[in-house]
Amino acid sequence: MNKQVNTTVVRISEGNPNPPEMAGLGEIIKKGGLVAFPTETVYGLGGDALNPESSKKIYAAKGRPSDNPLIVHIADLNDLPKLVVSVPERAKKLADAFWPGPLTMILNKSDLVPTETTGGLSTVAVRFPSHKVAQELIKASGGYIAAPSANLSGKPSPTLAKYVLEDMDGRVDAIIDGGDIPIGLESTIVDLTGEKPMILRPGYITKEMLESVLGEVLTDPTILDASCKERPKAPGMRYRHYAPKGELTIVEGPADAVIETINREVLISAGERKKTGVIASDENVPYYSADVVKCIGNRNNPEEVAASLYRILREMDDENVEAIFSESFSEEGLGEAIMNRLLKAAGHRKITV
Ligand code: TXA
Ligand code: MG
């Protein structure tokens with residue numbers, strides 16, 4: 001796709017989320033245009049969720065298959081019943097506990113939602129983000145914004161506006177630069193249309209947090225197990241995703257063995273004249289020798305690791321690293337989402353020592 005439109009970048013921070021420019025940005029969406037904006041999870045690529053033409057534009061801008069449904073973002077709880085056939089008790093409880101916030105619920109859609117937005121499905125994904133700039137944009141544009149992550153399909157989701165611009169320049173009418181993104185991984189998706197609630201994509205709202213409100217919650221078996229033969233229930237989880245250009249390999253095991261193995265693998269790749277990179281927790285950074293060593297944060301602080309992950313994958317691309325090796329992280333709590341994204345980015349290439 002060649003450059004189609006002139007992309008304007010507007011800086012709006014959460015400290016002053018509704019400056020005079022916001023009304024004009026809302027107008028762009030109301031008229032069928034696209035505006036990328038910050039949320040607490042990752043940057044989103046927004047269009048009018050109730051306008052089929054806007055949804056088609058989103059798919060084209062991202063280069064995304066049109067059978068991969070979009071999340072509808074709202075900024076007022078009273079708008080939820082309009083999007084769905086009915087609001088089950090479980091959804092009310094979750095909204096009460098976690099909205100506004102990084103949780104997406106799958107429910108049976110009403111006729112208001114065009115099938116272009118839901119990738120042909122009879123269900124709809126709904127999220128009420130907590131980011132103040134996102135909320136103001138949703139309100140200014142009529143209440144319902146369809147937004148996937150604002151990356152080209154297959155690339156890591158953007159957590160900085162410069163990466164939105166890199167992917168979306170000429171493809172969207174405007175980009176709101178809201179600065180750093182607090183969480184850094186996409187929302188947890190929970191499907192409430194089945195007999196039991198099921199996590200389709202792990203995120204900041206963990207299984208334990210959902211279970212504290214709902215009781216038993218299932219997890220789509222394909223999330224961490226690459227050998228699982230079933231199809232993931234969230235269509236987007238089927239595609240190669242979150243991937244850097246370089247070949248990423250995860251190394252798991254006791255710290256000393258991981259360091260030794262990564263350093264050995266780096267030497268082998270360097271011998272093949274590849275530019276090498278390592279993703280290390282801060283305590284291990286000094287022990288690696290590679291062309292590029294990136295610190296992802298303290299391994300005992302998964303929030304830090306989550307917030308750095310996509311930026312580091314992008315930086316590896318910026319520096320043209322060809323062979324990337326990453327330490328592995330605990331799958332407890334938020335760690336499940338971190339390892340889900342890291343393993344997907346690696347195409348499930350993993351060395352266990
Ligand atoms: O944090 C987030 O959720 C971000 C920000 C921008 O809000 N958005 C996001 O959207 O990650 P996207 O399009 O990159 O991922 C949406 C995921 C896809 O895997 C899609 O297949 C799944 O949600 N999804 C959407 N509607 C669905 C539905 N009705 N049933 C099952 N999965 C659905
Ligand atoms: Mg995405």
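Tabulated values for the structure
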read-out	value
Residue that is nearest to the chain's Cα centre (by Cα), among those in region 166-202 that are away from ligand 1 (no atom under 13 Å from the Cβ) and on the phi > 0 side of the Ramachandran plot	Gly179
Neighbours by Cβ (under 8 Å, 6+ apart or cross-chain): first from region 252-277, under 24 Å from Glu331 (Cα atoms) and among the acidic types (Asp, Glu); second outside any loop (DSSP other than H, G, I, E, B) and open to solvent by 80 Å² or more (accessible area, probe 1.4 Å)	Glu252/Lys350; Glu252/Thr352
Condition check for Pro158: out of contact with any Gly (no Cβ under 7 Å at 6 or more places or on another chain) and open to solvent by 10 Å² or more (accessible area, probe 1.4 Å)	no
Check on Glu53, part of a loop (DSSP other than H, G, I, E, B) and among the acidic types (Asp, Glu)	no
Qualifying helices (runs of 4 or more DSSP H) (wholly inside region 79-187; at least 3 residues being within 30 Å of Ile312 (Cβ to Cβ) and touching a strand residue (DSSP E or B) at 6+ places or on another chain (Cβ under 7 Å))	132-140, 161-168
Considering residues of region 21-76 that are over 16 Å from Tyr144 (Cα atoms) and hydroxyl-bearing (Ser, Thr, Tyr) only, the residue surrounded by the fewest Cβ atoms within 10 Å (Cβ to Cβ)	Ser66
Val10, sole failed condition from (1) in a strand (DSSP E or B); (2) within 10 Å of ligand 1 (Cβ to nearest atom); (3) of a type outside the set (Asp, Glu)	(2)
Residue within region 85-94 that is away from ligand 2 (no atom under 16 Å from the Cβ) and either within 30 Å of Glu247 (Cα to Cα) or open to solvent by less than 10 Å² (accessible area, probe 1.4 Å) (or both) present	yes
Output for region 290-343, where each listed residue is over 13 Å from Leu185 (Cβ atoms), small (Gly, Ala, Ser) and open to solvent by 10 Å² or more (accessible area, probe 1.4 Å)	Ala290, Ser328, Ser330
Only listed residue being under 28 Å from Pro100 (Cβ atoms) and away from ligand 1 (no atom under 13 Å from the Cβ), chosen from Tyr242, Tyr163	Tyr163
Failed item, numbered, when Ile279 is tested on (1) open to solvent by 10 Å² or more (accessible area, probe 1.4 Å); (2) closer than 24 Å to Leu160 by Cβ; (3) at pLDDT 95 or above; (4) of a type outside the set (Phe, Trp, Tyr)	(1)
Considering residues of region 95-150 that are within 21 Å of Ile181 (Cβ to Cβ) and aromatic (Phe, Trp, Tyr) only, the residue surrounded by the fewest Cβ atoms within 10 Å (Cβ to Cβ)	Trp99
Enumeration of residues in region 322-353 that are in a loop (DSSP other than H, G, I, E, B), within 23 Å of Glu40 (Cβ to Cβ) and among the charged types (D, E, K, R)	Glu331, Glu332
For Ile223: the one exception among (1) at negative phi; (2) surrounded by 16 or more Cβ atoms within 10 Å (Cβ to Cβ); (3) at pLDDT 95 or above	(3)
Pair list, Cβ under 6 Å, 6 or more apart: region 327-342 residue closer than 23 Å to Pro286 by Cβ, other residue hydroxyl-bearing (Ser, Thr, Tyr)	Glu327/Ser281
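The values are calculated or read from the model by the stated rules, or taken from the named source; none is laboratory data. Since the structure is predicted, the reported quantities are computational estimates derived from the model, not experimental observations. Note: ideal-geometry Cβ built from the backbone for every residue, glycine included; neighbour counts use all protein chains shown. These area figures cover heavy atoms from the full protein model, side chains too; ligands, DNA and RNA do not enter into them. Shrake-Rupley method; radii C 1.70, N 1.55, O 1.52, S 1.80 Å.
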